[in-house]
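FYI, it's all coordinate maths here, none of it is from the lab. Quantities reported herein were computed from a predicted structural model and do not represent experimental measurements. Heads up, the Cβs are rebuilt from the backbone with ideal geometry, glycines too, and the neighbour counts pull from every protein chain shown.
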Amino acid sequence: MLTHLRGFALTLRFKGVSDRYERGGDGLRFLASVLAEGFPDDTPRMIGDVDMVQGFSVHPGDGCETAAFAFMRRTDESGSHTEWFWHSSCKTQYASVISDSHLVTCHAGLVKILDEAIRIGVDVVVRDETHYWDTRDEERLIAEVGAMNRIVAAFAGKLSDLSGMPDGHLRSPIFRHPRFERLEMDLDE
């Protein structure tokens, strides 16, 4: 499945797709170690095997976090239930600093990989603050990210004003947005 998904990712317009990691690379192994302890609401409690992690990563484009697509074997404490599992997140919000079309390309590309994973039989759960996963509405994606940008710009601008730090000492991707001042004052559409 991972080989297929990586091959599919290579057909999309991403800035980069890593090689496939067998038994984890350092970054993938670190992520797996965080997930290995399981989640408080797991019933039964599941423990991950960090040595069994495998996957690849995707860099959707400038302004985006890297997305890790991987599986790690998890087993319950009694050893009677085993599954392959992964949990990850990827922020694409600051792709909008480049342009709205860049945001759509990056965000929609990640959704296409998840669609393909479902098509080949992977159980996928998605939480998408922009509602793009449910609606596939590019205008709504852009509007939701615009609203997020206004909130972050207002907060970052206020924090910068209150910090008393000289210009350039407080850093955030939102400061590079071409319409930062308008966002900060909530004047953007």
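For the pair Arg45 and Arg176, what calculated FRET efficiency results from E = 1/(1 + (r/R0)^6), where r is the Cβ-Cβ distance and R0 = 41 Å, to the nearest 0.05?
Efficiency, from the Cβ-Cβ distance: 0.45.
Just from its helices, what would the mean residue ellipticity at 222 nm be for the chain, if runs of 4 or more DSSP H residues each count -39500 (n - 2.57) and the sum is divided by every residue, rounded to the nearest 500 deg cm²/dmol?
-12000 deg cm²/dmol
Can you compute log10 of I(q)/I(0) for the chain with the Debye formula, treating each Cα as one identical point scatterer, at q = 0.12, 0.19 Å⁻¹?
Log10 I(q)/I(0), no solvent term: -0.70, -1.22.
List Asp100, Asp51 from most exposed to least, where exposure is judged by having the fewest other Cβ atoms within 10 Å.
Asp51, Asp100
Among Gly146, Ala67, Ala36, which residue has its Cα furthest toward the positive end of the charge dipole of the chain, with +1 on Lys/Arg Cβ and -1 on Asp/Glu Cβ?
After comparing all options, I get Ala67.
Quick one: go through region 82-102 and flag any residue whose amide nitrogen is under 18 Å from the point 7 Å out along the Cα-to-Cβ line of Ile118.
Inside the label zone: 86-90.
Would you work out the charge dipole size for region 135-184 about its Cα centre, treating the Cβ of every Lys and Arg as +1 and the Cβ of every Asp and Glu as -1, and quote it to the nearest 20 debye?
About 80 debye.
Rounded to the nearest 20 Debye, what is the dipole magnitude of the chain about its Cα centre when Lys and Arg each give +1 and Asp and Glu each give -1 at the C-beta?
So the magnitude is around 500 debye.
Once you put a point 7 Å from the Cα of Ile151 and another 7 Å from the Cα of Asp134, both along the Cβ direction, what distance in nm separates them?
1.6 nm
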